[in-house]
Amino acid sequence: MTVNRVKSQAVRVLSFALVLVAVVATLRVLNWIPGALEPGLMARYASIEDAVATLGLRQVQVPAYYPESLRWPPTEILAQSRPYQAVVMQFARASDGQTALVIAQAMSADFDPEIPLRLRTVREVVALDLAGHKAQLEAGSCEDGSVCSRIRWDEGEVRIVLTMQAPPVELIRIARSMRY
């Protein structure tokens, strides 16, 4: 290889690296702009306390009972205060780090966040009493075919939905332990 050819290749590699850095920086700025222009929209937070303090949220519930099979703290926390208050917490299995529990709560019955756990098939629906609240328990399978359960209930003006990749018994324990 001649010196000119090596220089030419080095310039191309350097140019590609600079373009890549510019694209990543642009994407980060574009991701930051909506939250800066209109605070309160759905965003990630480092902790539940951070989301509550930043957005002035109230009535955020977390479980007092927490199975050893799951990691604490949540692996992802999304929250918003506009157009209505909502919090989504994702918890991972301790064994493999995959999302195994999602707790969503919102001041809107229509709130349906994009979460990694979705019930594909519902095999059974049961009415359940959770400390005086009428809840609906659904048991079935997730999109990957694994056993999944979901419990939903309204606590005042807040709709709470727990979805877990586990049999209903474990999810009921978690739901009964939810506290502010």
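The values are calculated or read from the model by the stated rules, or taken from the named source; none is laboratory data. Predicted model, so just to flag it, every value in this text is computed and none were measured. Glycine also receives a Cβ, built like all others from the backbone with ideal geometry; neighbour counts cover every protein chain displayed.
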Within the range 147-177, residues being under 17 Å from the mean Cα position of the chain (by Cα), under 24 Å from E68 (Cβ atoms) and either assigned to a strand (DSSP E or B) or not assigned by TED's automatic domain parsing to the domain that holds D110 (or both) number 9
Against the conditions (1) within 13 Å of T163 (Cβ to Cβ); (2) of a type in the set (S, T, N, Q); (3) not in a strand (DSSP E or B), where does S108 fall short? Just the number, please. (1)
Hits in the range 128-146 - residues which are more than 17 Å from the chain's Cα centre (by Cα), part of a strand (DSSP E or B) and either touching a residue at least 24 places away in the same chain (Cβ under 8 Å) or over 17 Å from I115 (Cβ atoms) (or both): L128, D129, L130, H133, K134, A135, Q136, L137, A139
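Residues checked against (1) in contact with a strand residue (DSSP E or B) (Cβ under 7 Å, 6 or more places away or on another chain); (2) surrounded by fewer than 19 Cβ atoms within 10 Å (Cβ to Cβ); (3) closer than 21 Å to V62 by Cβ; (4) among the hydroxyl-bearing types (S, T, Y):
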site	(1), (2), (3), (4)
V87	yes, no, yes, no
A94	yes, yes, yes, no
L119	yes, yes, no, no
R123	yes, yes, no, no
A127	yes, yes, no, no
K134	yes, yes, no, no
W153	yes, no, yes, no
T163	yes, no, yes, yes
Some residue of the range 81-97 being at pLDDT 90 or above, of a type in the set (A, V, I, L, M) and assigned to a loop (DSSP other than H, G, I, E, B): yes
So the check is Cβ under 7 Å with 6+ separation or different chains; which pairs have a first residue in the range 106-120 that's assigned by TED's automatic domain parsing to the domain that holds M89 and free of Cβ contacts under 8 Å to residues at least 40 places away in the same chain and a second one that's charged (D, E, K, R) and surrounded by fewer than 15 Cβ atoms within 10 Å (Cβ to Cβ)? R120/E143
Just to be sure before I move on: is S141 assigned by TED's automatic domain parsing to the domain that holds M89 and buried (at least 21 other Cβ atoms within 10 Å of the Cβ) in the structure I sent? no
Mind checking which pairs have a first residue in the range 91-102 that is more than 12 Å from W72 (Cα to Cα) and a second that is β-branched (V, I, T), Cβ under 6 Å, 6 or more apart or different chains? V102/I115; V102/T163
